[in-house]
Amino acid sequence: MRVIIASGGSSNLRGAGGTLLKLVVLVLFALVLCAPLVSADAGADQPGAVGADYILGPGDILDISAWQNPALAKLVTVLPDGKISFPLIGEVMAGGKTVAQLKGELEEKIIRYVPDPTLSVIVHQVNSMMVYVIGKVNQPGRHLLNANINVLQVLAMAGGFNPFANRGKVKIFRQQGGDTVIFPFDYDEVADGKNLDTNITLKRGDVIVVP
């Protein structure tokens with residue numbers, strides 16, 4: 001695994017101290033797993049909180065049902081390989097597809113068993129489209145990423161900095177393939193209109209660390 005420091009829109013591999021950085025990254029991700037799961041968006045656990053264009057991922061729980069056919073009502077979990085299992089049609093790839101795309105594919109597959117099927121696909125619980133904020137913020141934990149959200153916005157979702165935060169040393173950790181990319185973020189500079197390109201759009205699984 002490499003650790004890459006992103007700067008000014010480009011990524012450079014850090015040589016010296018790379019081993020130490022790897023250890024830091026492992027510790028940070030361990031802290032994420034142990035941190036309280038506090039969501040600034042309570043809708044993350046409410047059925048139907050995301051729309052038909054939501055991209056499904058492992059861990060998401062779906063409520064799938066067929067009109068006037070209670071035997072086909074089922075809660076299914078998207079497995080780590082992205083697949084779900086549904087009565088009559090077996091395994092279907094759900095990961096990476098929108099809710100609407102999955103609904104259409106299920107209806108196409110089940111039509112041979114159920115005439116004129118009308119399926120309902122609702123995201124019962126979002127467990128994959130999350131970013132994590134740890135460190136000196138007022139509401140650390142996981143936060144639902146249901147739109148194009150940038151660093152400033154997720155810091156607001158986390159309740160802002162507490163009085164002891166080092167606002168100039170914020171870092172965003174992102175897994176890309178087998179590498180960990182680190183994006184530095186200086187809140188005061190961005191608030192002054194400088195280095196606005198560091199206010200990046202976040203992706204699923206990003207970890208924001210506020211020292």
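Rule-based calculations on the coordinates, nothing more; no lab input. In this text, all values refer to a predicted model and were calculated from it rather than measured experimentally. Cβ coordinates were reconstructed from backbone atoms using ideal geometry, including for glycine residues, and neighbour counts include every protein chain displayed.
Largest first and in whole Å, what are the equivalent-ellipsoid semi-axes of the stretch 51-125 based on the Cα gyration tensor, each being the root of 5 times an eigenvalue? Could you put the intermediate results ahead of the total?
On the way: eigenvalues 70, 29, 26 Å².
Semi-axis lengths for the stretch 51-125 are 19, 12, 11 Å.
List the residues whose amide H sits under 5 Å from the amide H of MET130, counting only those 5 or more places along or on another chain, with H placed 1.01 Å from N in the peptide plane.
Under 5 Å from the amide H of MET130 lie the amide H atoms of LEU145, GLY205, each far enough along the sequence or on another chain.
Could you work out the Kirkwood radius for the stretch 53-201, taking every pair of different alpha carbons, averaging 1/r and inverting it, reported in Å?
Details: mean 1/r = 0.0558 Å⁻¹.
Across the stretch 53-201, the inverse of the average 1/r is 17.9 Å.
Show me the trypsin sites (Lys or Arg not before Pro) within the stretch 141-191 that DSSP assigns to loop and that have at most 16 other Cβ atoms within 10 Å of their Cβ.
When the trypsin sites (Lys or Arg not before Pro) of the stretch 141-191 are filtered for loop state and at most 16 Cβ neighbours within 10 Å, LYS169 remain.
Kindly give the semi-axes, whole Å and largest first, of the ellipsoid equivalent to the stretch 121-211, taking each as the square root of 5 times a Cα gyration tensor eigenvalue.
Here the semi-axes work out to 22, 15, 13 Å.
Which loop-located trypsin sites (Lys or Arg not before Pro) does the stretch 41-137 contain, where loop means any DSSP state but H, G, I, E or B and the Cβ has at most 13 other Cβ atoms within 10 Å? Walk me through the numbers before you get to the answer.
Numbers: sites: LYS74, LYS83, LYS97, LYS103, LYS109, ARG112, LYS136; in loops: LYS97, ARG112, LYS136.
The qualifying sites are ARG112.
Using the Karplus curve 6.51 cos²θ - 1.76 cosθ + 1.60 with θ = phi - 60°, what ³J(HN,Hα) values do you get for each residue of the stretch 138-144, in whole Hz, with x for Gly and Pro?
7, 9, x, x, 9, 9, 5
Which FRET efficiency value, to the nearest 0.05, do you get for GLN101 and THR201 by plugging their Cβ-Cβ distance into 1/(1 + (r/R0)^6) with R0 = 25 Å? Could you put the intermediate results ahead of the total?
On the way: r = 22 Å, r/R0 = 0.89.
That pair, GLN101 with THR201, gives E of 0.65.
Which of the lysines could a cross-linker span from LYS109 if the Cα-Cα distance has to be under 30 Å and same-chain partners fewer than 8 positions apart are dropped?
LYS74, LYS83, LYS97
Once amide H atoms are placed 1.01 Å from N in the peptide plane, what residues at a sequence separation of 5 or more from ASN150, or on another chain, have their amide H within under 5 Å of its amide H?
Sorted by chain and number, the residues that satisfy this are LEU202.
Give the order of ASP197, ASP206, ASP63 when sorted by the count of other beta carbons within 10 angstrom, beginning with the fewest. Spell out each step's value before the answer.
Working: ASP197 8, ASP206 22, ASP63 16.
Lowest count first: ASP197, ASP63, ASP206.
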